[in-house]
1. Which semi-axis lengths, in whole Å and largest first, follow from the square roots of five times the eigenvalues of the Cα gyration tensor of segment 155-199?
2. Rounding to the nearest 20 debye, state how big the charge dipole of segment 22-142 is about its Cα centre with +1 on each Lys and Arg Cβ and -1 on each Asp and Glu Cβ.
3. Using the heavy atoms of the protein chains alone and a 1.4 angstrom probe, what is the accessible area of segment 89-139 per residue in square angstrom?
4. Relative to the longest principal Cα axis of the chain, at what angle does helix 231-242 sit, 0 to 90 degrees, rounded to 10?
5. For the chain, find the longest principal axis of its Cα atoms and tell me its angle to the long axis of helix 60-69, 0 to 90°, nearest 10.
6. For the residue pair Arg71 and Ala215, what label-to-label distance in nm results when each label sits 7 Å from Cα along the Cα-to-beta-carbon direction?
7. At a 1.4 Å probe, what is the % contribution of carbon and sulfur to the accessible area of segment 88-220?
8. Of all DSSP beta bridges in the chain, what percent run antiparallel (nearest 5)?
Amino acid sequence: MNRRLLIGRSVRHVGPLARQIAERGITGVYQALLEISRIDPPGDFEDRLNVAQAVVVTSPNAVGRLAELTRKRFFPMLTVGDGTMRIARDLGFADVTSADGDAIDLLELCRKRLSPEAGPVIYLRGREVAQDLAQALSAEGYAIDPIVVYASDPAAQFRPQVEQQLRQASLEAALLFSPRGAANFVSLVRKAGVEYACAGMTLIAFSPAVAAAAATDLVWRLQLVTERPTIPALLSTLEQWRDGKFAG
């Protein structure tokens, strides 16, 4: 019997991870915790892209917006993780390199692959970011061109099917990806009055910051944090959870 896992993103924004989770005998129940909306870039976006030495992105949302905004596919792109890299390649971008980690790893990749003398670097981002790479790279002499192309606002409520399963305590765990998403999950749980459901669930967090946000005012049966903020580490944690390797 498949284990049932609440996944704190929509299927569309999870991308290939949805298939990888299903292949491991885990039934995903999807709930977007942040609603994504488009923000139009400056009118000279294509001109700025033409002179950039590379584009840096930290989320699948930024990659999706880039694919909508330009037909160009042959320029260097640096991503924070492998999941974003795979989505970029699926969208036709040919020269994509992953930092396979977090913002610190992405900064190190920028230092290795880019040069302050080689021209501006486009930092394609959301309106809200956990860590602003522009400041760190600018301090090292890079000409950073930050362009906001989307916004993420807290979802107002659970989908009816998700709330019903929480009320029935039929979900065994919740997978949360970002501190903002985790904070809104807590708000939605309290709004729906289903705190008791979390007391019987395992929290699977993509980083310690996510775990801290999800534990605010909520009690979980067990809390697990991936060893690194990468898809392979996440899948390993899910497999161990599926197999009952964690006590609690």
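The values are calculated or read from the model by the stated rules, or taken from the named source; none is laboratory data. Just so it is clear, the structure is predicted and the values come from calculations on it, not from any experiment. No Cβ is skipped: glycine too gets one built from the backbone with ideal geometry, and neighbour counts run over all protein chains shown. Just the protein is used for accessible areas: all its heavy atoms, side chains included, with ligands, DNA and RNA removed. Shrake-Rupley method; radii C 1.70, N 1.55, O 1.52, S 1.80 Å.
1. Computed over segment 155-199, the values are 16, 12, 10 Å.
2. Numbers: 14 positive and 18 negative charges, 56 e Å.
With Lys and Arg at +1 and Asp and Glu at -1, about 260 debye.
3. Details: 2670 Å² over 51 residues.
Here the per-residue accessible area is 52 Å².
4. Tilt relative to the chain: about 10 degrees.
5. 40 degrees
6. 5.2 nm
7. Details: 3000 of 5930 Å².
So the carbon and sulfur contribution to the accessible surface is 51 percent.
8. On the way: 5 of 37 bridges.
Of the beta bridges lying entirely in the chain, close to 15 percent run antiparallel.
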